Structure formats: structure tokens, C-alpha cells
Amino acid sequence: MKFKLIVFVLIICLNSKCLHAQTKESDSTTTIYYDIHELSKKSKFNKFIYKLLFRSSALKVENFIPETKPKVAPHITNKTNGKVIRNIYIETLDPFGYSVTNETKKPKNSIEKFGNFTHIKTKNHTIRNLLLFKKNSKCDSLLLKESERLIRSQRFVREVIITPVAIENSNDSIDVKVRVLDSWTLIPTGSLSSSESSIKLTERNILGFGHLISGNIKNRFETKERATYAQYSINNIKNTYIRLDLNYANDYNNDSRRSINLNRPFYSVITKNAGGFYFENRLQTELFPVLDIFSLEKYSFDFQEYWYGRAFKINSKSNPERHYTNLILALTYNQKKFQKLPGPISDPSFYFSNEKNWIGMIGISKQKFYQDTFVFNYNITEDIPYGKNIAFIIGHQEKNSTTRMYSGLSFSYGKKCSFGYASGFAEWGSFYNSGFTEQTTFKAGVNYFSPLLNWGKWRFRQFIKPTYTWGNNRDASFKDRLNLLSGDGLEGFDNRLSGTQKWTLSFQTQSYIPGSWYGFRFSPYFNMTLGSLANEKALFLSKVYSKFSIGALINNDFLVFNSFQISFSYYPTIPFEGDNINKFNSFENTNLSLYDFQLSKPGYIRYE
């Protein structure tokens with residue numbers, strides 16, 4: 001017995017010594033534990049000694065066994081360009097227990113297996129529908145990379161990897177393997193308060209076809225009113241990247257909204273044609289200020305819009321940046337026709353009036369992406385856009401028996417730097433009527449986040465986002481004013497506080513806690529947002545309003561784009577409400593979203 005024990009310890013020491021000599025750069029501790037575990041399987045005696053020396057939790061070898069790297073061809077490179085794609089192999093995986101990079105990884109416990117049993121995998125033809133390359137076509141690394149990005153952007157996909165596979169005894173042909181890990185897509189949500197309840201159910205991948213259906217019901221207890229909302233979307237019709245959205249809402253006060261949107265954006269730098277149309281019917285109740293008294297009035301309208309855009313390559317074929325730079329020409333036509341108008345006392349400037357608009361745009365757009373993790377999701381590969389664009393806008397409007405012209409200019413730029421990621425934009429636009437400018441808008445903003453910072457196993461990022469909006473000679477209507485809620489504003493403030501210019505500044509420290517609990521990962525944060533409104537007087541002499549929030553974003557490994565949060569916010573002052581106010585779950589991370597450098601549908605510069 002003692003002899004066996006001595007031999008067992010010697011073998012362990014020899015294994016660890018050889019391992020150290022062979023792989024100095026690897027994690028020797030992890031590998032030693034793995035060798036010990038494998039040795040314990042050789043006999044019952046070894047297993048008995050193993051249990052004596054190590055904790056029972058060590059038997060869960062998945063906690064320390066290193067992932068075996070799959071033996072696959074290198075990821076997308078230019079070396080395969082020009083070769084004929086013989087076959088395209090698509091494999092979709094259930095969300096629990098699988099990996100796109102480790103083909104040996106399988107579900108281990110009953111919870112994972114049950115989750116996969118109840119999940120309907122994405123159909124192969126749904127993924128094939130998203131590919132920018134076809135069988136028997138020549139391989140282009142740009143198309144492979146763009147296909148991977150576009151698949152990754154789908155809200156029913158967690159991870160994807162596209163790999164060219166060499167064919168034995170063939171120098172001019174390859175196969176392409178597409179391996180996709182699904183996300184769990186059936187999402188129930190709800191809320192309950194003393195005055196209202198809400199329940200919502202969303203399925204983002206109906207029967208594996210990539211379609212979305214969502215329904216939401218809200219109830220007010222005191223008035224016994226009910227509001228219902230529904231949406232159905234097809235994100236890609238027959239590999240055209242045409243998206244169909246159908247929306248229905250029957251809101252409180254018997255307000256309603258019905259819309260249909262058929263749209264094909266410039267979804268990639270290779271897209272030549274884009275366009276779409278949109279129809280909406282709306283009945284709306286609005287709170288109108290009349291002589292310092294707010295009164296409710298209804299109005300209704302029909303809105304329709306059509307647009308088309310064309311992209312042209314402007315660099316020579318020998319220029320490596322040719323694929324990413326486009327000249328964009330686009331035109332929009334829309335009209336709004338009112339069936340029910342507010343009274344002249346509520347709307348003395350006739351802001352609510354029928355109108356027709358022609359809006360044209362010419363611009364140059366350059367957009368690329370780089371991959372990063374721990375930005376808006378926990379350890380999930382994200383495509384971060386960078387590049388630049390400049391666009392000139394010209395428009396023609398018919399409203400209130402008046403015709404006026406419009407011109408605008410927009411510019412944006414973004415780049416990954418050694419000190420983090422930074423992007424910014426500036427926009428200006430104005431109407432012209434009888435030689436005078438009307439409803440002028442100027443906007444500028446910056447978006448920055450730091451490199452990933454480490455403190456032990458914890459990770460951190462710092463986000464900073466300042467914005468500024470200014471308007472001149474705006475319409476007298478309260479609807480043509482800025483408020484702290486609009487755009488990148490301060491959530492939780494009353495929209496009755498308004499002005500013609502505004503600045504906001506948001507700081508957020510985001511952390512990412514290591515480890516998970518049943519797939520849930522927690523990212524605590526601290527946010528401070530400041531903002532101010534002014535009319536004619538100097539903006540920076542106006543009262544500064546603030547909000548301080550602490551909370552945590554909660555992500556799930558299998559619900560990639562479905563994070564939720566718990567937050568507590570403190571407001572020193574809220575106009576029309578009071579001072580020293582605390583609110584629960586009044587902060588959302590949406591105002592930290594990044595700018596897009598791909599030009600699309602022409603429109604007037606938004607005043608918000």
C-alpha cells in the first residue's frame with residue numbers, strides 16, 4: 001500500500017516536471033490538475049487517494065480542464081481569395097453547453113439538456129439567407145467577414161465563426177464552414193406598481209426562421225384602462241436584406257398607432273442599392289399649454305414616406321480602401337396629412353398642419369469595424385464601428401401654403417486609439433423663407449470609452465458622452481422646443497421644462513465581475529448625468545440639473561442581447577416634482593450607444 005502511494009506521488013512529480021519543461025508559457029497548475037485527474041481513473045486505489053488529497057469539487061473537472069482547441073483551418077485570410085467555393089457547410093447549435101470554437105464541448109447537466117430540448121434551432125436556410133457569398137462563386141475574404149458580422153448582429157445569434165476549409169489535392173477550390181451558436185430567444189418580461197401592471201412576451205426567432213413577434217399588455221388599476229401593443233418583423237426577405245416591420249398599438253385614452261415599414265438600408269459597404277417605404281396612421285392625445293394651463297386635445301394624421309439611395313465606389317481598384325469608401329446619392333419624399341387638428345387656441349402657429357417634403361443627400365461614407373469584448377455585453381464579441389462620413393442635404397417643403405428650401409451639412413468621425421475609442425459628430429441645418437433662416441438646428445457630440453482596465457480579475461471601462469444642441473428662430477409651438485428628455489437627455493425629468501438650446505454630459509464607470517451564477521453575469525456601474533436648458537440667455541449660466549445612479553446590468557450567457565438592470569437614482573431637483581427625489585429603475589444604458597458611419601435615408605437634422 002505504501003509502495004503504491006509512493007509510486008503515485010512520484011508519477012505526479014515526474015508528470016509535472018516534464019510538463020514544465022515542455023510548456024513553460026502554459027498554465028502549468030491547470031495542466032497538472034488535469035494529469036492528476038486522468039491518473040486517478042487508472043485504478044480504484046488511485047481514485048481513493050485522489051479523493052483524500054483533493055476537495056470533492058475538484059471532481060468537477062470542467063472547472064479546470066483547459067479547452068481543447070479544435071483543429072480547424074485558420075480563420076478568414078486573404079490567402080483564399082479567388083478560389084472557388086465548392087461547398088458551404090452550415091451548423092447551428094442550441095444555446096446551452098455548446099461552443100463555436102470548441103467542437104468537443106457538449107451539454108453536461110440536465111438543465112442545459114432540457115433548455116436545448118425546448119429550444120428550436122435556427123434553420124440552416126435562415127443562416128444561408130444572411131450570407132453574402134454562394135456556392136460555386138469565387139471566395140472573397142471581405143464577403144466572408146461581412147457575412148460573419150451580419151450574422152453576429154442578428155438578435156437570435158450569440159456567436160458565429162466562418163472558416164475556409166482547404167480541400168485535399170485541390171489548389172483552386174475550398175469549402176466554407178459556418179458554425180453558429182444560437183441565443184435563447186423567448187423573452188417574457190413584466191412590471192408591477194401600485195398604479196399599473198405590464199406583461200410582455202417576445203420571440204425573436206419563430207420556429208428558427210429569424211422572424212420576430214412581440215406582444216405587450218398594460219393595465220391601469222384606477223381607471224381600468226388597458227393598452228395593447230403588437231409587433232411582427234421579418235428581418236431579411238429572400239437574401240435581399242429587406243426588412244418588414246408591422247406595428248400595432250391601442251394605447252390609453254383610446255390613442256392608436258398602426259404602421260408598416262419595408263426597408264432596405266445600406267447594410268454593408270458592398271451594398272449598392274437601398275430604399276424603402278413607410279406608412280403610419282396615428283391618433284394621439286397631447287397635453288397643450290394654454291395660458292399656463294395644460295389641456296388635453298386629440299389629433300390624428302396619416303404619414304407616408306418613400307426613399308431610394310445608390311452607392312458608388314470612388315477609389316481605384318488598386319486602392320485597398322476602395323471596398324470601404326462609397327459615394328452615396330439618396331432621395332426621400334414624405335407627406336403628412338391630418339384628419340383631426342387641435343384648435344387654433346392650442347396651436348396658434350399651426351405647427352400641426354399638412355406638409356410635403358422632398359429631401360436629397362449627397363455624401364461620402366467610409367465605415368469599418370473592429371472586434372472587442374466587454375463593451376455593451378459581457379465577454380461577447382461585438383463589432384465596433386469606426387470611420388468617417390460627410391453629407392450635404394438639400395430639401396424642399398410645402399406647409400401652410402408656404403414653400404421653403406432647406407440645406408444641411410453633417411460630419412462624423414470615429415477611431416480606435418491607444419487611449420480608447422473616440423467618435424464625434426457635428427450637424428447643421430436650416431430652412432429658408434424669403435431670404436431668412438427658420439428652424440435652424442446645430443448639434444455636436446462626442447462618444448468615448450476607455451480601453452479595458454484590469455484590477456485583479458475585475459474589468460472596468462469608463463464611458464464619457466457630451467452633447468450640445470442649439471436652435472434659432474424655432475416655431476412658437478411647444479412641440480418645437482428642446483426638453484431634458486429628448487435625444488441624449490436625462491431620463492426621469494418632466495418634459496414641460498423646455499428651451500431652445502441644451503447640453504448634456506454623461507459619465508459612467510462600468511465594471512464586469514468575474515464568474516457567473518447559473519449563466520447570469522453582473523456588471524455594476526455608477527453613472528452621473530448633467531444637463532441644462534436655456535432660451536436667449538447664456539446656456540452655461542442656466543441652472544444645471546443632475547442625476548446620480550448606481551446599479552447593475554445583468555446579462556445572461558444565453559440571452560445575448562437581453563440584458564436587464566437594477567438601478568437606484570438620486571435627483572437633487574426635478575422641476576414640477578420637488579427636491580431630493582429617489583427613483584428605482586429610472587436609468588437605462590441606451591444613451592451610450594455608438595454612432596453609425598454608414599449614410600442612409602436622407603432627413604432633416606433632428607432637433608432634439
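Throughout, read-outs are computed from the coordinates displayed, never taken from laboratory work. Owing to the predicted nature of the structure, the values given are computational and were not obtained by experimental measurement. Neighbour counts run over all protein chains shown; Cβ positions are idealised from the backbone, glycine included.
Starting with the highest mean, order 315-324, 298-307 by the number of other Cβ atoms within 10 Å, averaged over the residues of each peptide.
Numbers: 315-324: 11.2, 298-307: 16.6.
In descending order of packing, they fall as 298-307, 315-324.
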Discussion item. With an 8 Å Cα cut-off and a minimum separation of 6 or more residues, compute the relative contact order for the stretch 79-182 in percent.
Written reply: 43
Worksheet, complete the sentence: Once Lys and Arg are counted +1 and Asp and Glu -1 for all other residues with Cβ under 10 Å from that of Ile167, the total becomes -1
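What ranking of Val544, Val375 emerges when the number of other C-beta atoms within 10 Å of each C-beta is taken as an exposure proxy, fewest first?
Numbers: Val544 13, Val375 20.
Final ranking by Cβ density, sparse to dense: Val544, Val375.
If you take every residue apart from Tyr570 with its C-beta less than 12 Å away from the C-beta of Tyr570, what net charge results, scoring Lys and Arg +1 and Asp and Glu -1?
Working: positive: Lys547, Lys583; negative: Asp579.
Local charge sum for Tyr570: +1.
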Item to complete: Could you let me know the centre-to-centre spacing of the stretch 301-329 and the stretch 256-289, using Cα atoms, in angstrom?
Response: 20
Fill in: Separation of the Arg226 and Val290 label points, Cα + 7 Å toward Cβ, nm
3.3
Discussion item. Please report the spacing between the Cα centers of the stretch 420-435 and the stretch 372-389 in Å, no decimals.
Written reply: 26
Practice prompt. Any of Lys79/Lys177; Lys415/Lys465; Lys298/Lys465 with alpha carbons more than 25 Å apart? Name them for me.
Written response: Lys298/Lys465
Worksheet item: How large is the dipole of the stretch 79-182 about the Cα centre if only Lys and Arg carry +1 and Asp and Glu carry -1, each at its Cβ, rounded to the nearest 20 debye?
Response: 160
Worksheet, complete the sentence: Pairs over 20 Å Cα to Cα, from Lys368/Lys416; Lys134/Lys368; Lys145/Lys457; Lys224/Lys479, come to Lys134/Lys368; Lys145/Lys457; Lys224/Lys479
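Could you give the length gained on full extension between Asp302 and Ile167, defined as 0.36 nm per residue of separation minus the Cα-Cα distance, in nm?
42.8 nm is the gain from fully extending Asp302 to Ile167.
If we count other beta carbons within 10 Å of each Cβ, what is the order of Glu222, Glu148, fewest first? It would help to have the intermediate numbers written out before the result.
Values: Glu222 8, Glu148 24.
Ranked by crowding around the Cβ, least crowded first: Glu222, Glu148.
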Discussion item. I want the local charge near Gly363. Using Cβ-Cβ distances under 14 Å, sum +1 for each Lys or Arg and -1 for each Asp or Glu among the other residues.
Written reply: +2
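Any chance you could list the semi-axes, whole Å, largest first, of the equivalent ellipsoid that the Cα gyration tensor gives for the stretch 185-233, using √(5λ)?
Working: eigenvalues 143, 22, 3 Å².
The three semi-axes for the stretch 185-233 are 27, 11, 4 Å.
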